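Before any comments, here is the structure.
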Amino acid sequence: MNTHVNPPARIGEPLSRVDGRLKVTGHARYAAEHPVADLLYGWVVSSSIAKGRITAIHEDAARAVAGVVEIITHKNRPDLAKADSAYQEQVAPPGKPFRALYDDEVQYSLQPVALVVAQDLETARYAASLIKVDYEAAKHNTDFRIAQGERFMPRRKRAAYQPPKNRGDVDTAFAEAAHQIAGTYHLATHVHNPMEMHATTVVWEGDERITVYDKTQGSQNTQTYLANVFGFKKENIRVLNPFVGGAFGSGLRPQYQAYLATMAAKMLERSVRLVMTRPQMFSHVHRPEALQAVSLATDSQGHLTGMRTEATTATSRFENYMETVVNWGLMAYACPNAEADYTIAPVDSYTPGDMRAPGAATGMTLFEIAMDEMAYEANVDPLEFRLINYSEKDAMHDTPYTSKALKEAYAEGAAKFGWDSRSMAPRSMRDGSELVGWGVATGMWDAMFQKTSARARLSANGDLLLETAASDIGTGTYTILAQIASDTLGIPVEQISVKIGDSDLPMSPIEGGSWTAASAGAAVEATCQSLGKKLFEAAQKVKNSPLADAKIDDVRFDYGRLLSKTDPDKSVSYGEAMAAAGEVSIEAEETVSSGISGMISQMRKSRNTHSAVFAEVKVDEELGVVRVTRVVCAVAAGRIINPKTARSQILGGVVMGIGMGLHEETFVDHRLGRIMNHDLAEYHVPANADIHDIEVIFVDEPDPEVTPMGVKGVGEIGIVGTAAAVANAIFHATGKRLRDLPITIDKILE
Amino acid sequence: MNRFSYHRAGDVAEAAQMGAEADTRFLAGGTNLVDLMKANVERPTRLVDISRLPHNKIEELPEGGLRLGALVTNADTAYDARVEQRYPLLSSAILAGASPQLRNAATNGGNLNQRTRCYYFYDTATACNKREPGSGCGAINGVNRIHAILGTSEACIATHPSDMCVALAALEAEVRVEGPGGARVIPFADYHRLPGDEPSKDNTLQPGEIVTAIDLPADSFTENYTYLKLRDRLSYAFALVSVAVGLTMEGGKIAKARIALGGVAHKPWRVPAAEALLEGQAPSPELFGRVADALLQGAVGQGTNDFKIDLARRAIRRALRQAAAGTPQSQTDKHVA
Ligand SMILES: Cc1cc2nc3c(=O)[nH]c(=O)nc-3n(C[C@H](O)[C@H](O)[C@H](O)COP(=O)(O)OP(=O)(O)OC[C@H]3O[C@@H](n4cnc5c(N)ncnc54)[C@H](O)[C@@H]3O)c2cc1C
Ligand code: SF4
């Protein structure tokens, strides 16, 4: 045994990112960074109107610019698939997916209306500035409040949508209530702005074959989409996304730059790169604006007796985007009478899309502000109020949870935060000139699992190659997959290469819903176990094998050896085992799905992550300045594979939640139907100065049932509820109940 | 972005001569100009790079003031020991703006000449009289959270976004310029202008004129001053409202007062009559309230910025309190003093 090798990593250790060095040295390449010979560059011209028709495109001046190769518009585009179904990839909501440059119709402001392709980026950009487009504008509406008049519930629902389930007799509950509240809560539109802007490099390989570097959360989803839309054979398209500079849901659906770059490559039979500008990042998926009315009723002791939630979220005119918004409160709390209703309302924008904890970040957060109001109305401490209405089971579906350690999260979070020393009355805590407020909220998200495959190959020198088409959108997928393999096969992380982000690799779904750790993780574990079994069989073939009589359960895999658990002196190295089997490498490939792992049906048990978020704000009341000075986020998310990368996910979610509470919003000029603050100078997310102490706690929540490894995922839970904890803290500080997020300086002063 | 030629100026005279020609722009730190070129708002056919001109020093003036070269960076100015000690108001205001990276690149001349952050000015798909005279003003009846409440016109309601300039106005600095017609000195109050019916003009520079330095008078405010900036997040955002105050206190009374407001008008806003109300008086909430009223006389909201009038009133009172008490606002500790 080589005594120099590092110990294998263990599941549960805070392993640093295995790709960290590549990232900080600039060696990790993103979609627009892959060097390609003879590359052409695209630049998109975006519409200035929100709705209508293109009547003319004046492109002579642009065509006259030396270096311009082509200008593509709806007039000269190549043939494209006709049926909507061709454009409906894995995550498309019901409707008619947007097709850029398809015809003369304009459906939203900043819609692509022309694509300039040139020898270099500067030429493309300059030529694009010379194109003039004439429009015949039609009447549009981008005002969500006006759109309320058109609310509806589509007949065809989005695949992931979960309808609410009513219970009891809500009217009677309110009629007989000792205390009740009612309020309408609003959340502004949030726009996806990951660091890396959407970008695609299409490499024309000749012969109707392309290699595509795309900013996507699912290489195989983009592959299928491009094949269907452009008529390529699927095997002739390879999509790669080895590194993704943040996505949060913006890369679930293929965005228009992938479509346009492919269109240009196909038309010109050349390699083409296209990157969205930051303003154009405001022209695609976004978290929909939401209005949610909540009424709550309790008995004289503060037990919830009735709840009613009605929410409407925005969608586009051409697709019915829906989220699961109203269910969370009904699931979370014991309350005999509850009902909910959900509708969508169309505006003339691009279709909203999933953004970190879609539905829950909106619905649970707004509901949790109402919960705080109810606690005050019933005169019960807000944390106590949640505890006395705690539901061990999923109160809406009336099913048990595979696990729910939320009580522990409340307790550990409260202890860390010091909730005990809070005084109930608003405006009762001060620090010098500032009012101090402490707020609490509950967070919830789904614990999901998706069918995923992985492949592993062990070489005689002990190197392990792991492959799956999963993506790492900055979350740490590379790291945890290496860690799981390292632990399972006893191979140090340094000897493991993880290959992901490639449509040629074993099947993996889009990276979303916080299911990757659980799903790709389980696929890697199963694959490594299967590889281990082959190793064991080989080890038994070694001449005079010390493990000849052992069973697989009697051995462990450590430091590149199979060792007898009872007598570690009995061991066979992987190299010896392979030599005995006459193999230079051993391979395994496995697929995990809920069926195969023998998990009980999704219908009989509920699977969720939970969190308890505590926030402290200090408010300068004279000036309306709010500082979030402390947040404690206690998370119950099953087994944590890597507390370091997991903590980063929660930190990021909490920061985004603070932004939801205080900063993020689009300013739309409804006369123009256009977002006006379309850059990061004026679309505000928290800056460093807005973020102080954030403490993350993972409570112990063993759950062998939820997914094969007991993992629930942590990518999204951190944002859910955080903004409510902040809003509730502001109420506690100031006595002002603000129901409209974000809570900006003017609202504090109102 | 259009195509342009690039010329590195050898001296001020050459720069001024070239600058007087049509469609030519001076390039200093480029943090504003290049952004605007990328957005097609500025479309110069020639850039004259002035960043290597020798006006890159901070020098003592014979009468006790300080001369800030136009090409000294915002960061070097803010952290210059003389500025920190003698003009802490200026240092504080600079540090309230932008980010460390931007301040490292941005120059003093560029800061004076930076253009408005009006959303419509930046978006060539919309109407804007400042960008395209005669096209209309998108911000009026539109989205105008960051727009002016004072000194607006029917043609434009934009603000000047600088923090540094608000302090310079309160300090009564002078702007030294050189142009094809020679050199001249412009009192700070006359440097920027109100939009009137010519919003395309931000200031009173003549064609080809170049800012060479900013002179600070000997008289500064080292004890009783503050720069209070209120914005939509605690750092890295332009001011919704900012207040620069410099007071000279004598025996518990205010001997001299200078106040300038940022984020509320097309130029740093000063009202000498409001300053006069303070002189000879002992600080009091009632007095500060009257001063705020005087400063904001004639303020009108534009819709989504209506809240700024009340916010400005509160900010003025608070800033006066901070200055009178000698507890200036820190730019790193976001707790409001
Ligand atoms: C994201 C962002 C946030 C910012 N936040 C703030 C903030 O909070 N507060 C704040 O005050 N500022 C802020 N700024 C603006 C920043 O201060 C200015 O961009 C900077 O001061 C401009 O200086 P520069 O040298 O880069 O100018 P340049 O971009 O080179 O030039 C700007 C203009 O001035 C002209 N010019 C430059 N030098 C001279 C000269 N000597 N004589 C005549 N004309 C000249 C140029 O021709 C050009 O028109 C921010 C900028 C950005 C990009
Ligand atoms: S306020 Fe001034 S800068 Fe803004 S759109 Fe109107 S004219 Fe243009």
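What the table shows:
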| read-out | value |
| --- | --- |
| Under-5 Å amide H pairs with residue A:677, H placed in peptide plane, nonlocal only | A:667 |
| Sequence-separation-based contact order of the range B:224-324, relative, with Cα cut under 8 Å and 6+ spacing, percent | 29 |
| Rounded FRET efficiency, nearest 0.05, which uses the C-beta distance separating residue A:84 from residue A:301 and R0 of 51 Å | 0.40 |
| In Hz, Karplus ³J(HN,Hα) per residue of the range A:549-563 (6.51, -1.76, 1.60; θ = phi - 60°; x = Gly, Pro) | 9, 7, 9, 4, 6, 8, 10, 10, 10, 8, 6, x, 9, 9, 10 |
| Separation in nanometres of the label points that stand 7 Å from Cα toward Cβ, at residue A:504 and residue B:60 | 7.2 |
| DSSP H segments from chain A that extend 27 Å or more along their own axis, Cα-based, with Kyte-Doolittle mean of 0.0 or above | A:516-541, A:643-662 |
| Computed over the range A:396-475, Kirkwood Rh from alpha-carbon pairs, angstrom | 18.7 |
| Per residue value of the accessible surface for the range B:224-324 (all protein chains in place, 1.4 Å probe), Å² | 33 |
| Rg followed by Dmax, in Å, when the range B:5-49 is reduced to its Cα trace | 10.2, 30 |
| Share antiparallel - DSSP beta bridges, the protein assembly as shown, percent rounded to 5 | 80 |
| Cα Rg over Rh - the range A:2-101, Kirkwood | 1.18 |
| Under-5 Å amide H pairs with residue B:281, H placed in peptide plane, nonlocal only | B:254 |
| Solvent-accessible area buried by B and A, counting both chains, probe 1.4 angstrom, square angstrom | 3400 |
| Those residues of the range A:609-649 for which accessible area with every protein chain present is at least 40 Å² below the isolated value (1.4 Å probe) | A:622, A:623, A:625, A:627 |
| Accessible surface, 1.4 Å probe, highest first, among residues A:644, A:96, A:215, A:618 | A:96, A:644, A:618, A:215 |
| Surface accessible to a 1.4 Å probe, per residue, for the residues of chain A, Å² | 35 |
| Cα centroid separation, the range A:209-264 to the range A:357-407 (Å) | 40 |
| 222 nm mean residue ellipticity, helices alone, for chain B (DSSP H n ≥ 4; -39,500 (n - 2.57); rounded to 500) | -7500 deg cm²/dmol |
| Per residue convex hull volume, Cα atoms of the range B:224-324, in Å³ | 89 |
| As computed over the range A:467-509, the Cα convex hull volume per residue (Å³) | 72 |
| Point-charge dipole on Cβ atoms (K/R +1, D/E -1) for chain B, about Cα centre, debye to 20 | 840 |
| Values of log10 I(q)/I(0), in the order q = 0.10, 0.13, 0.14, 0.17 Å⁻¹, for the range A:222-328 under a Debye, Cα-only, solvent-free model | -0.50, -0.70, -0.76, -0.97 |
| Rounded to whole Hz, the Karplus (6.51, -1.76, 1.60) HN-Hα couplings of the range B:231-237, x for glycine and proline | 8, 7, 8, 7, 7, 6, 8 |
| Qualifying chymotrypsin sites (Phe, Trp or Tyr not before Pro) for the range B:265-337 [loop in DSSP, other Cβ within 10 Å: at most 15] | none |
| Convex hull volume of the protein assembly as shown per residue (C-alpha atoms, cubic angstrom) | 189 |
| Hypothetical label at residue A:341: residues of the range A:145-179 whose amide nitrogen lies under 12 Å (7 Å Cα-Cβ projection) | A:151-153 |
| Label-zone membership for the range A:630-659, site residue A:407, 7 angstrom Cα→C-beta point, backbone N under 19 Å | A:634-638 |
| Cα-based Rg / Dmax (Å) for the range A:507-617 | 19.7, 70 |
| Ellipsoid equivalent to the range A:344-386 - semi-axes via the Cα gyration tensor, in Å | 32, 12, 5 |
| Heavy atoms of residue B:200 accessible to a 1.4 Å probe, total area in Å² rounded to 10 | 50 |
| Long-range amide H partners of residue A:629 with built H, under 5 Å | A:616, A:617, A:618 |
| Accessible area in the full protein assembly, largest first, 1.4 Å probe, for A:507, A:322 | A:507, A:322 |
| Diffusion constant of the range B:1-89 at 10 °C, which comes from Stokes-Einstein with the Kirkwood Cα-pair radius and 1.306 mPa s, µm²/s | 108 |
| Å² per residue, accessible surface of the range B:5-49 at 1.4 Å | 45 |
| Within the accessible area of the protein assembly as shown (1.4 Å probe), percent carbon and sulfur | 49 |
| Rounded to 5, the percent of DSSP beta bridges in chain B classed as antiparallel | 85 |
| Probe 1.4 Å - accessible area at residue A:266, Å² to nearest ten | 50 |
| Percentage relative contact order, chain B, counting C-alpha pairs under 8 Å, at least six apart | 17 |
| Percent of C-alpha pairs per 5 Å bin, the range A:17-160, short to long | 2, 8, 13, 13, 15, 15, 12, 10, 7, 4, 1 |
| Mean residue ellipticity (222 nm) of chain A, computed from DSSP H runs ≥ 4 via -39,500 (n - 2.57), nearest 500 | -7500 deg cm²/dmol |
| R0 of 41 Å, Cβ-Cβ distance residue A:689-residue A:76: FRET efficiency to nearest 0.05 | 0.25 |
| Residue-count net charge about residue B:143 - beta-carbon cut-off 10 Å; Lys, Arg +1, Asp, Glu -1 | +1 |
| Against the rule of thumb 2.2 N^0.38 Å, how large the Cα Rg of chain B comes out | 0.96 |
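The values are calculated or read from the model by the stated rules, or taken from the named source; none is laboratory data. From a predicted model like this one, the values you see are computed outputs, not experimental measurements. No Cβ is skipped: glycine too gets one built from the backbone with ideal geometry, and neighbour counts run over all protein chains shown. Just the protein is used for accessible areas: all its heavy atoms, side chains included, with ligands, DNA and RNA removed. Shrake-Rupley method; radii C 1.70, N 1.55, O 1.52, S 1.80 Å.
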